[in-house]
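The values are calculated or read from the model by the stated rules, or taken from the named source; none is laboratory data. Quantities reported herein were computed from a predicted structural model and do not represent experimental measurements. Using ideal geometry, Cβ is built from the backbone for each residue, glycine included, and neighbour counts are taken over all protein chains shown. For the accessible areas, the whole protein counts, side chains as well, though only heavy atoms, and no ligand, DNA or RNA atoms are used. Shrake-Rupley method; radii C 1.70, N 1.55, O 1.52, S 1.80 Å.
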Amino acid sequence: MNAMSSKPNGAPPGAAFIGSHPPNGLWSRIGMPAVLAVLLLAFGWANPNFWSATNAANVSRQISALALISIGQTFAILSAGIDLSVGSLLALVSVVCAQQMRDYGVAAGILAGVATGGAAGLVNGVLITRANVPAFIVTLGMLVAARGLALTLSGGLPVAGLPRAFLVVGAGSVGPLPVPAIIAGGAFLVAHLALSRTQFGRYVYAMGSNEEAAILSGINVVKHKILVYVVSGLCAGVAGVVLTSRVVSGQPTLGETQELYSIAAVVIGGAKISGGVGSMGRTFMGVLVLGILGNGLNLIRVSSYVQNIVIGAIIVGAVFVDMARERRR
Amino acid sequence: MREAVVLTCLIGLGAFVGTGCGGREPPPPSDAGPKPSQEAPAPSPAAADTAPRRAAEPGDEYPRPPRPARQYTIGVVLPHLSNPHFVGQAYGYIDEGQALGARVTLLEAGGYQYLDRQISQVEDLIASRVDAIVLVAVSGPGTVGVVDRAVAAGIPVINCNVMTDSETVVARIRSDDEVIGEMQADFMGQVLDGEGTVVMLRGAPGTSWAEIRGNSFKRRLAEAYPNLKVLGEQYSQSTPADGLRLMEDFLQTYPRIDGVYNGSDTTAIGAAQAVLASGRQGRTIITTTDFQSDTERFMREGVITATVLQQTVVIGRWGIRAAINHLERRPTPETLWTPLLIVTRDTMDSIDMRGVRSPTGWTPPVGHGG
């Protein structure tokens, strides 16, 4: 990722002094794992089936799509932006992917799906940077428009008749590992490396911490912001393809409110909603907490109504705790 | 401190689980129908004024099997519970489960748009090793994969009311949606003397009921009443708000609409409000399916003209009966049709509601052991 032309090579600007690292301290290292451990123990105690291998595979399948869009959301939020469009993009990607796949085969479908996500992300990024419309508004517009486009393309009906071979993506497994989990896990790894080891990653933190400072230190903010939304779109593209395989059809109603859950995963992980603080590892924890809560509460037969209350409380609680700790320091 | 937050939640949950486990006895006392001593004919509240419970109840065409020796766990997965149609069904599942000593867990997806959630719920039921799953599918094609996986895991799936495209289900229990569409078409054709204009509120896209009912309505009109013209048709989620919005727009678009077809009565309630607001009541007739309390009110007021009654409680009861029969290795019919009946303001008061609605005040225990 060779971005800088106005700057001499070597130390990337900004990265060294702008808050590029998550807060340190005991809590930030063991806090989320501890919460997860408590959840795992509690659910396992309440229903022994929770611990079964089937259920582990279950959870990983269920959270893979959320994991993928949360990766993109992490980039967006770290750069002090937000991507509200990802939920609807799942539906648009699903419809495009299924229609192309039905007509031109598995590879064409997957490619078309991922490309659709990337293209939508590009539109988001260009509008945010070039037209100077706030990310919240641009992606909100995309949220509504992509849903409409998905419904229009499909006539509101599911696109059925996908080739049998495609089901592997959502339902297959390699050894004990479900394919969607491998895809999401791999994506997390790549995203983690991109964020922590590349110039692009450092620029994302820099833009999120202080955009003015980032501009002054010569970072090409326009280019990297566009890239952030393209990445988020591509993540939604992959997630949409995985979900399409899971539901064995192109579904224009897929992914409703998923954008909010992806934001929740990022902030539960401890990222700052105003940007600059957070990491892939923490988002991964946030996704796990949400996924395990949903699954565990189902297994111990808690009403789906009450589940929403619990998850809502946890979202606010997590941010509250972070803010309280921040004030103490 | 965050631990404190989560721990509090978990303690809350613990308490919840505790009460959930304790709450395995019958739901609300008002409904304390059959005691575990099963055959004992305790009077049901809905029928308190008339006969004992086991005397000819709606749905006895497919009779209740003997109570099995062991307690089966049955997971019931519903699209949502914000429509009395599904509350009636939920009552059927829970009440029949009690009569047959089964532990019934209800899960609802939150709406037809939450296919991924329904799939997760079925997966969770597979993981918790229920004995059988009763599925009301939010999508025909979308549920194929997960149903096949349940069956592969040795868990039989009974498909009720809204169909999955999977071929592996043990039994399908439903109203005949073809007939529901035809009954509405015939009613409209006769009342309008085979002449006029019609709009259609079809219901949730991609569901078997919206598709089959709407298509058979149109087919029947074309065959038998060629001068009844369909001006427009729209899909929407099954909510009164969607019905209201679509009908208002139809009324803006077309100056004269003689008939309104509804795939479900949730949209019909919205359509009725739109027709009332436009002052066209009596001149625009509305036909629909099901009989929630607002539908009843609008029928008494003469705004909704006719409705095809589905035996929602019976669908629920038969779902559990079929599951138990299958688990007890008794033959189970592949398809069971629950009876249908079209009613108008004049005939509505003579209907036995025990097969159609849950008792007044009953609320479904979502997510609990029944």
Notebook entry, point to check: Condition test on A:S245, is it of a type in the set (S, T, N, Q) and without any contact (Cβ under 8 Å) to a residue 24 or more places away in the chain?
Noted result: no
Next item on the list: Among the residues of the range A:83-115, write down those that are of a type in the set (V, I, T) and closer than 12 Å to A:P252 by Cβ.
Entry: A:V93, A:V95, A:V96
Check: Cβ-Cβ below 6 Å, separation at least six or inter-chain, first residue in the range A:44-62 and within 7 Å of another protein chain (Cβ to nearest Cβ), second at pLDDT below 85: which pairs?
Finding: A:A46/A:I300; A:A46/B:V17; A:N47/A:L299; A:N47/A:I300
Note to self: So, in the range A:74-113, how many residues would count as being part of a helix (DSSP H, G or I), open to solvent by 10 Å² or more (accessible area, probe 1.4 Å) and β-branched (V, I, T)?
What the structure shows: 3
Next item on the list: Please tell me if A:G125 is over 20 Å from A:R246 (Cβ atoms) and surrounded by 15 or more Cβ atoms within 10 Å (Cβ to Cβ).
Entry: yes
Check: Name the residues in the range A:231-270 that are more than 13 Å from chain B (Cβ to nearest Cβ), of a type outside the set (G, A, S) and within 23 Å of A:D322 (Cβ to Cβ), would you?
Finding: A:E259, A:L260, A:I263, A:V266
Check: Is there a residue in the range B:191-198 that is touching a residue at least 12 places away in the same chain (Cβ under 8 Å), more than 8 Å from every other protein chain (Cβ to nearest Cβ), surrounded by 24 or more Cβ atoms within 10 Å (Cβ to Cβ) and outside any helix (DSSP H, G or I)?
Finding: yes
Check: Among the numbered criteria (1) in contact with a His (Cβ under 6 Å, 6 or more places away or on another chain); (2) at positive phi, which single criterion is violated by B:T312?
Finding: (2)
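Just checking, which of B:I155, B:I119, B:I173, B:I180 is at the interface with chain A (Cβ under 8 Å from one of its Cβ atoms) and either β-branched (V, I, T) or surrounded by fewer than 20 Cβ atoms within 10 Å (Cβ to Cβ) (or both)? Walk me through it before giving the result.
Values: B:I155 fails: at the interface with chain A (Cβ under 8 Å from one of its Cβ atoms); B:I173 fails: at the interface with chain A (Cβ under 8 Å from one of its Cβ atoms); B:I180 fails: at the interface with chain A (Cβ under 8 Å from one of its Cβ atoms).
Checking each option against the conditions leaves just B:I119.
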Notebook entry, point to check: Mind checking whether some residue in the range B:350-364 is within 14 Å of chain A (Cβ to nearest Cβ) and surrounded by fewer than 22 Cβ atoms within 10 Å (Cβ to Cβ)?
Noted result: yes
Notebook entry, point to check: In the range B:158-170, what residues are surrounded by fewer than 22 Cβ atoms within 10 Å (Cβ to Cβ) and either in contact with a His (Cβ under 8 Å, 6 or more places away or on another chain) or within 11 Å of chain A (Cβ to nearest Cβ) (or both)?
Noted result: B:D165, B:V170
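Condition test on B:R297, is it more than 14 Å from chain A (Cβ to nearest Cβ) and either under 29 Å from B:N215 (Cα atoms) or in contact (Cβ under 8 Å) with a residue 60 or more places away in the chain (or both)? Outline the logic, then answer.
Working: more than 14 Å from chain A (Cβ to nearest Cβ): yes; either under 29 Å from B:N215 (Cα atoms) or in contact (Cβ under 8 Å) with a residue 60 or more places away in the chain (or both): yes.
So B:R297 passes the test.
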